[in-house]
1. Looking at segment 110-120 only, could you name the residues that are loosely packed, with under 10 Cβ neighbours inside 10 Å and either closer than 18 Å to Asn15 by Cα or among the basic types (Lys, Arg) (or both)?
Amino acid sequence: MARRLLSDASLARLNKAVVSGRIIPYLVAVMFLVGAAGTAAVEILSPNSFSSLGDAAWWAATTVTTIGYGDVVPGTSGGRVIAVFVMFASVATVSFTTAVVTASFVAFQQRRLGPETERHKELLDTLARIEQRLAAIEEKRG
């Protein structure tokens, strides 16, 4: 049996946060934290990678948002190693954000179309009963 990453209760809470829109500020905060952590890491662990803290912050912001202009890049090997981790974290964060927003749109459409889908099922069931009755009538007529 496959192990589940999240429990049903956790998924229900996450879905509620997505549907209500309350999750967006958290996702934005995560992106800011990844950017701030990238700026701090590259300044502390590889201080010669950028000429100023502003350049490091600009690089982190463009990397976290996956824009990556390339106008500011780490100049040392240590800075580039840190850049790889920031890139992976930022791609994962942006992907997760995109998935959450898409899931909220899909959930909205499913809720909006749910009663219609149930009505279609009812109509199909009614048609199946009518076909059975017609078959029974034809069988009796011979």
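1. If the condition is that a residue be loosely packed, with under 10 Cβ neighbours inside 10 Å and either closer than 18 Å to Asn15 by Cα or among the basic types (Lys, Arg) (or both), then Arg112 is the only one that fits.
One line per residue, one yes/no per condition, for (1) of a type in the set (D, E, K, R); (2) within 28 Å of Leu14 (Cα to Cα); (3) touching a residue at least 24 places away in the same chain (Cβ under 8 Å); (4) open to solvent by 90 Å² or more (accessible area, probe 1.4 Å):
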| site | (1), (2), (3), (4) |
| --- | --- |
| Val42 | no, no, yes, no |
| Ser46 | no, no, yes, no |
| Thr66 | no, yes, yes, no |
| Thr97 | no, yes, yes, no |
| Phe105 | no, yes, no, yes |
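The values are calculated or read from the model by the stated rules, or taken from the named source; none is laboratory data. Small disclaimer: the values here were computed from a predicted structure and weren't measured. Cβ atoms come from the backbone with ideal geometry, glycine included; neighbour counts cover every protein chain shown. Ligands, DNA and RNA are stripped out before the accessible areas are found, and what is left, the full protein with its side chains, is counted by its heavy atoms. Shrake-Rupley method; radii C 1.70, N 1.55, O 1.52, S 1.80 Å.
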